[in-house]
1. Do the conditions hold for Thr23, that is, is it farther than 30 Å from Phe176 by Cα, surrounded by 15 or more Cβ atoms within 10 Å (Cβ to Cβ), outside the structural domain of Ser162 (by TED's automatic domain parsing) and not aliphatic (A, V, I, L, M)?
2. Can you pull out the residues in the range 163-181 that are under 9 Å from Lys109 (Cα atoms) and not in a loop (DSSP other than H, G, I, E, B)?
3. List the pairs whose first member sits in the range 134-149 and is assigned by TED's automatic domain parsing to the domain that holds Lys84, whose second member is among the acidic types (Asp, Glu) and at pLDDT 95 or above, and whose Cβ atoms are under 8 Å apart, counting only residues at least 6 apart or on separate chains?
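The values are calculated or read from the model by the stated rules, or taken from the named source; none is laboratory data. These figures come from a predicted structure and were not determined experimentally. Positions of Cβ are backbone-derived with ideal geometry, glycine not excepted, and every protein chain shown enters the neighbour counts.
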Amino acid sequence: MQNQGFIIAREGFRWIGIGLFLTLLLIIFKATLAAIFLGILTLFIISFFRNPKRTTPVQKGLIISPADGKICLITEAYEKKFLKEQRCRVSIFMSPLNCHINRAPISAKVLDIYYHPGKFHIASVDKASDLNEQNALLLEDDQKNKFVVVQIAGWLCRRIVSDAKAGHTLTRGERFGLIQFGSRVDIYLPPQASLQVQVGQSVRAGETVIGTLE
């Protein structure tokens, strides 16, 4: 996928450029307080679009977190987009302060993609999994285990970016997209997966082990 190594995600270039330009303009016109406020806001935008390098564990059978944030829900849920069956669903809430780069939880082929232009409830609530705007990937690893990873937009800014295409092969820990600006990622695990996280735990995309395959 694109932009794996650059320190700022390319989707942020426009926002950062606008912020820097307006801040400079306010400085020129000696609007000091407004320039300070906008400068701080621009620093927040730079932080939001950071694209840090991550060291992904290489041991076989590990399922890695697809997002930075906090585990807000772990529940049995019916996966209706692709699998049409009950699965364990782990939901990760990303606040505006988290890094919003999404990474592949396993090495797998993208079998299918489903986009739903829904509503914009606060992403941490349970109904967001069904009602909010979302982009879902159906993944299959080399052992034919199927996973579903769902990017869910929140109430702020409301834009999902996905570089993944059907037929692509993702490597565990590889960036496949991001969500702007406060959002959630759900992952539906195979029945044989053993959970390694709990509600309230903080996780890091591409690094934290959220489960193992037996």
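1. Details: farther than 30 Å from Phe176 by Cα: yes; surrounded by 15 or more Cβ atoms within 10 Å (Cβ to Cβ): yes; outside the structural domain of Ser162 (by TED's automatic domain parsing): yes; not aliphatic (A, V, I, L, M): yes.
Spelling it out, Thr23 is indeed farther than 30 Å from Phe176 by Cα, surrounded by 15 or more Cβ atoms within 10 Å (Cβ to Cβ), outside the structural domain of Ser162 (by TED's automatic domain parsing) and not aliphatic (A, V, I, L, M).
2. Result: Thr169, Leu170.
3. Between residues of the range 134-149 that are assigned by TED's automatic domain parsing to the domain that holds Lys84 and residues that are among the acidic types (Asp, Glu) and at pLDDT 95 or above, the close pairs are Leu137/Asp112; Leu138/Asp112; Lys146/Glu140; Phe147/Glu140; Phe147/Asp141; Val148/Glu79; Val148/Asp186; Val149/Asp186.
Here's the yes/no breakdown for (1) surrounded by 18 or more Cβ atoms within 10 Å (Cβ to Cβ); (2) in a strand (DSSP E or B):
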{"site": "Cys72", "(1), (2)": "yes, yes"}
{"site": "Glu76", "(1), (2)": "no, yes"}
{"site": "Phe93", "(1), (2)": "yes, yes"}
{"site": "Leu97", "(1), (2)": "no, no"}
{"site": "Val110", "(1), (2)": "yes, yes"}
